[in-house]
Amino acid sequence: MKLSAERKVQGEKQTVAGLGETSDEATARPASFSSMRDRVYSSIENLDIAPDLGADIGSRRWFRGLGTFVGLSVVALAFWPDFAPLEAASPLPDDAEVVGEFRSHMITPLALGADTGRRMGPTALVRPLAEAPERPQMQMLATLGRGDSLERTLRRAGIGSAEAESVTSLIAGAVDLEELEPGTQIDITLGRRPEPGATRPLEQLSFRARFDLELKIDRLDEDGPLALTRRLIRVDETPLRIRGTVGDSLYRSARAAGAPASAVQAYLKAVGQDVNLQRDVRSTDQFDMIISHRRAATGERQAGQLLYAGLDRGSRSGVSLMRWGKDGEFYSADGEGEEKGGLIAPVPGRMSSRYGMRRHPVLGYRRMHAGVDFRARHGTPIVAVTDGRVTGAGRMGGCGNAVRLRHGNGIDTRYCHMSRIAVRRGQSVKRGQVIGYVGSTGLSTGPHLHYEMYRGGKHVNPTSVSFVTRRQLSGEELGSFRETLQKLKQVEEGAALADLEQTAEEAATAEPEREIDKLDRPRKVS
């Protein structure tokens, strides 16, 4: 009862306060907020959410700290900043014309390189010209492409159709247009247009038609017709001789001595017919090659094919080969041609019947099979196994349509059952040349090739013969060959590398050298 009375008194005190709170409550509330805050802080301290992870490892307290660490890490990663590019001013372009336009609008002292006061970029006050002046002349360099014609090349360069046709006719009268090599460069000079929109007239045209000929087309008068001028260039054809030591590599040594790559390849192929380049060539051996070479009076040079291939092997037998004949084969000093060894298969098929006794598939009794059969389809080309001469071509009894070839060393070959013959009697054939086509004529049960070989008129097993052939020069041809070889071997090493001296006529017609051109010459250092 006493406690209830006290509470009643406190309630009356609150009612008397009226609009506000009583003075006792006003002083009590701050004390309750402070105590509540203290209780919250105390609860947070008791949570222990960030314990030391270095102590009590594996306990519940340690795992609680680990969870706090992981949670804070996830929050930090969630607020990770973005690395997207920021907008900035574009860099100044590298184009000189655009840079110049920027500079023309700059306001900078002239001492610092500005253009203000000298020229400025176009503004609204600038008026375009009614007609822009054009260059009085245009010089260009046109190149003749592979498979292209001279007239089309001139038209693309800006020459009118009528003048291009006229120029082509003039050049065709001086040189065969088919002889113009792809890559030929043509210097062209065009004049001023007679009226706006018209084609520029041709003033001058010049190019090197051949190594020894230069053509020039120009006008004698300003409005006159085109005229052609030929300029013959003196050419010396002294061969280029290159010698050197084999060293570690024959190829690299020859290239280092100045021989063209194509000539070195031809040299290795020719010498490799007589010696084994891997086993029989020593580092102390001396190589000797002579290459066709032309030098013009104007200074140009042109290397051609290999003419002579020599190899000095000291006390051992050397190699001396020279290119001869329309076929361009190499012959030794004794007049022996290149060795052509190994017989090639007459058809691209496998052997179906071998040499020896067998039962004939048509006659039905056993008899000698004097050759070998190759399985092949009807119409397959048949080739000569090596060089030879046709001694027979036509119907030959049970062989049907057949061809007989005579080779060296008393060897003959015969090809039977052809569907069609591609050679005639007395004709010379090369190794691998087509002489007929597979068929089934004569005593045959189906398309195939029956191939026979004879030595001294007697048939032999074709699979047991392996021979090589060499062409041998004789008579007047051998004498001419040896005379040419002797002259060729007298060529001095490096003689073709010297510059041609000008003749009196060439010196008189040469253009005078200007003093300003002499400044470009390299000066000698004493």
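The values are calculated or read from the model by the stated rules, or taken from the named source; none is laboratory data. From a predicted model like this one, the values you see are computed outputs, not experimental measurements. Here the Cβ is made from the backbone with ideal geometry for all residues, glycine too, and neighbour counts use every protein chain on show. Note: accessible area is taken over every heavy atom of the protein model, side chains too, but ligands, DNA and RNA are not part of it. Shrake-Rupley method; radii C 1.70, N 1.55, O 1.52, S 1.80 Å.
Each pair of Cα atoms in segment 161-293 enters the Kirkwood radius, and Stokes-Einstein at 4 °C and 1.567 mPa s then converts it into a translational diffusion coefficient of 67 µm²/s. Heavy-atom surface analysis with a 1.4 Å probe gives segment 266-418 a carbon and sulfur content of 45 percent of its accessible area.
Each label was represented as a point 7 Å from its Cα along the Cα-to-Cβ direction; for residue 101 and residue 301 these points are 5.1 nm apart.
Accessible surface of residue 515, taken over heavy atoms with a 1.4 Å probe and every protein chain present, rounds to 130 Å². Rg over Rh for segment 272-401 works out to 1.20, using Cα positions for both radii and the Kirkwood form for Rh. Three principal axis extents describe the C-alpha atoms of segment 348-488; from largest down they are 66, 27, 25 Å. The length gained on full extension between residue 148 and residue 124, counted as 0.36 nm times the residue separation minus their Cα-Cα distance, comes to 3.7 nm. Going down the list 269/487; 326/489; 430/487, which pairs span over 27 Å between their C-alpha atoms? The pairs that break the limit, which is 27 Å between Cα atoms, are 430/487. Computed over neighbours whose Cβ is under 10 Å from that of residue 441, the net charge equals +2, Lys and Arg +1, Asp and Glu -1.
Its Kirkwood hydrodynamic radius, worked out from the mean inverse distance over all distinct Cα pairs, puts segment 387-453 at 11.7 Å.
On a per residue basis, segment 186-253 carries 58 Å² of accessible surface, using protein heavy atoms and a 1.4 Å probe.
Computed from backbone phi, the HN-Hα couplings of segment 194-202 come to x, 7, x, x, 7, 7, 5, x, 7 Hz, rounded to whole numbers (Karplus: 6.51 cos²θ - 1.76 cosθ + 1.60, θ = phi - 60°; Gly and Pro given as x). Residue ranking by accessible heavy-atom surface, 1.4 Å probe, largest first, among 487, 216, 326 comes out as 326, 487, 216. A cut-off under 13 angstrom between Cβ atoms defines the neighbours of residue 380, and their net charge, with Lys, Arg +1 and Asp, Glu -1, is +4.
The residues 355, 267, sorted by heavy-atom accessible surface at 1.4 Å with ligands and nucleic acids left out, run 355, 267 from largest to smallest. Note on residue 34: accessible area is roughly 40 Å² with a 1.4 Å probe, heavy atoms of protein only. Only Cα sites of segment 221-309 enter the Debye sum here, all with the same form factor; the resulting log10 I(q)/I(0) across q = 0.17, 0.25 1/Å is -0.74, -1.23, listed in q order.
Shown are 478, 170, whose ranking by accessible area with a 1.4 Å probe and every protein chain present, most to least, is 170, 478. If the cut-off is 18 Å between C-alpha atoms, which aspartates and glutamates fall inside it for residue 458, apart from same-chain ones fewer than 8 positions away? Partners within reach: 412.
Distance in nm between label sites at residue 94 and residue 395, each 7 Å beyond Cα in the beta-carbon direction? Taking the two extended label points, one gets 8.2 nm.
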